[in-house]
Amino acid sequence: MSRDLFWSIAMIAVTAIWGWSFAAKHDLLLEMNASALNAYMFLLAAVAVLPFSIQSFYRMRKADWMSGIGIGCVLFMAFALQTAGVAITTPSNAGFITGLCTVFTPIILYVIAKGRVRKHQSAGIAIAVVGLAMLSLDGFSVNFGDVLILGCAVAFAMHIVAVSLFVRMPVAIASTFLQLLTVGILSAAWSLYEGSLAMPEGRSSIVSILIVAILATGLGYVIQVRAQMRLPAEKVALILICEPVFAGVFGYWLADVRLSLINIIGALLILLGIFVSEFGWRRSSLPATFNCNKPVL
C-alpha cells in the first residue's frame, strides 16, 4: 500500500469518527453550552496529544510557533461561526453550507498559492456538492445563520490550505497541539464571557466528552495534519465531504434517523465524486515555492 493511499484511508476513517461524533455532541449540547463543549473538547484533546508532540517541539522554529497559533485561530473562527450559525438556521442548511469548504479550498489555493483546479477535480467537486445537497438539504432559506455558516465554510477551507502551506513535516504533531490548545483557550474565554463554562453532570456525559475529545478531536486533527503532509489540500477537502455520509449512517444506527431514497442517492454521488477526483491528483497542485512539506515518512 502506498503512503498516499494509507493517508487517504486514514482521512476517511477520521471522517467516520467525526460523523459518529454528531450523535454524541447532539446529546451533550442538551446539557451544556456549545462554547463550553468546544473548550473541554479541545483542551482535553491538547492534553492527549501533548506526550506525542514533545519530541517535535525541539525542532520548532519561531515561524512554526506563529503558524501553529495562527492556524489555531482560524480553526477557532470556524467552530465559533458554526456553533453561532447552527443556533439560528436549520441543521440541513448548516450541513450543506459547511460542505462548501470543498469548493472554497481550491479557490483559496488558486488565489494564495496559484494552484491549479484541473477538469477532473472540478467534475469531482461538482458531483460531490450535488450529492451533499441531496443528502443534507431539506428546504433552503437564506438568513443570517446561513451567512454565519458560509463564513464557517470559508474558515474551514482556510484551515485546510494553511496546514498544507505552513506546517512542516518534522513539527506536524507539535503544530497540531498548538492549534488544539489555541482553540481550547479561546473557546474557554468565550464560554467564561458567557458565564457558561460548566461540566455536565452524569458519568455517561463525562465519558462522551472524553471520547469525543480524544478520538474525534485529538486523534482526528493529528491524522488530518499528518495526512496533509502527503496529500494535496484539495483532495483532503474532498475526502472531508464524506463526513455527512457517515453522520447519516450513524444517525440511522444510533439515533433512529431514516434516510430517504434521495438521501441515499446523495451519499452515493459523494462517493462517486471522490472516485472521479482520485484520478490525476498530484502534489504539483501547490507551487514549488510553497511546497515546504517534503515527505519524509
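Bear in mind that the values in this text are calculations on the coordinates, not laboratory data. Given the structure is predicted, the values throughout are model-derived calculations rather than measurements. Positions of Cβ are backbone-derived with ideal geometry, glycine not excepted, and every protein chain shown enters the neighbour counts.
May I ask you to derive the FRET efficiency for Ile211 and Lys119 from their Cβ-Cβ distance with R0 = 45 Å, giving the value to the nearest 0.05? Approximately 0.60, to the nearest 0.05. Rounded to the nearest Hz, the phi-derived 3J(HN,Hα) couplings of region 46-62 under the Karplus curve 6.51 cos²θ - 1.76 cosθ + 1.60 (θ = phi - 60°) are 5, 4, 5, 7, 3, x, 8, 9, 4, 4, 6, 5, 5, 9, 6, 9, 4, where x marks glycine and proline.
Considering only Thr83, Ile206, His159, whose Cα is most displaced toward the positive end of the charge dipole of region 3-278, charges sitting on Cβ of Lys, Arg (+1) and Asp, Glu (-1)? Result: His159. Report note on the peptides 145-155, 32-42: ranked by the mean count of other C-beta atoms within 10 Å, highest first, their order is 32-42, 145-155.
Working ranking of peptides 167-177, 15-25, 45-55 by packing, defined as the average number of other Cβ atoms within 10 Å per residue, highest first, is 167-177, 15-25, 45-55. The simple Förster model, with R0 at 25 Å and r as the Cβ-Cβ distance, assigns His26 and Ala126 a FRET efficiency of 0.25.
Computed over region 3-278, the quotient of the alpha carbon radius of gyration and 2.2 N^0.38 Å is 0.96.
Which value in nm describes the separation of the simple spin-label points at Ile107 and Arg59, placed 7 Å from the Cα toward the beta carbon? If labels sit at Ile107 and Arg59, their model points lie 3.5 nm apart.
Here the Karplus relation 6.51 cos²θ - 1.76 cosθ + 1.60, evaluated at θ = phi - 60°, turns the backbone of region 182-196 into coupling constants of 4, 4, x, 5, 5, 5, 5, 4, 4, 5, 5, 4, 7, x, 10 Hz, with x for every Gly and Pro.
Orientation-averaged projection of region 1-79 equals 7.1 nm² [convex hull of Cα atoms, one quarter of hull surface area].
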